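For reference, the structure discussed in these notes is given below.
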């Protein structure tokens, strides 16, 4: 298995898996390292932007992930924690600040999302920007060069209420898995 962890697979447009899989953390880390290799190729500084609020259980995935990453003390460019969440009212200013203060940032955006019943508990990872707030019909700018989203509940009806009533246990497990995957991916990554 270690040999598999050291390879950089080609990442299709999106990689998706359920966090209950025993190798979920390692699988996310492997695909994340593929994205980091791309960032290094373009001379970018890696930034993890964790989007969400602590005022809604379902939408707290980003800030919980950011807080866990900060506690690992594994990487300096982490934005969005429970103490300082990145949400609809400060997202634009935060992205402008990142662009101004970090040379050629390669932003990995982390956010919660809603999806189909069979996808709840899954994490998606891919290249390209993330459209935060789409589930609750907010018009926010797309952010990131890559994304990690956690499907925390079912979409389709009364999304604000669905996010409010999302099980904290699921969100915590997802945040743990994502934070450990990012941390492991950063620790084991070596520049090509």
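Per-structure values
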item	result
Index of the failed condition, residue 153 passing every other in (1) surrounded by fewer than 21 Cβ atoms within 10 Å (Cβ to Cβ); (2) within 20 Å of residue 57 (Cβ to Cβ)	(1)
Residues of segment 68-119 satisfying the condition of being closer than 23 Å to residue 173 by Cα, assigned to a helix (DSSP H, G or I), in contact (Cβ under 8 Å) with a residue 40 or more places away in the chain and in contact with a strand residue (DSSP E or B) (Cβ under 8 Å, 6 or more places away or on another chain)	69, 119
Residue 114 being closer than 13 Å to residue 47 by Cβ, modelled with pLDDT of 90 or more, in contact with a helix residue (DSSP H, G or I) (Cβ under 8 Å, 6 or more places away or on another chain) and buried (at least 18 other Cβ atoms within 10 Å of the Cβ)	no
Subset tally (residues that are over 16 Å from the mean Cα position of the chain (by Cα), surrounded by 14 or more Cβ atoms within 10 Å (Cβ to Cβ) and either under 22 Å from residue 78 (Cβ atoms) or without any contact (Cβ under 8 Å) to a residue 60 or more places away in the chain (or both)) for segment 156-187	1
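The values are calculated or read from the model by the stated rules, or taken from the named source; none is laboratory data. Bear in mind the structure is a predicted one, so any value in this text is a computation, not a measurement. Glycine gets a Cβ as well: all are built from the backbone with ideal geometry, and neighbour counts include every protein chain shown.
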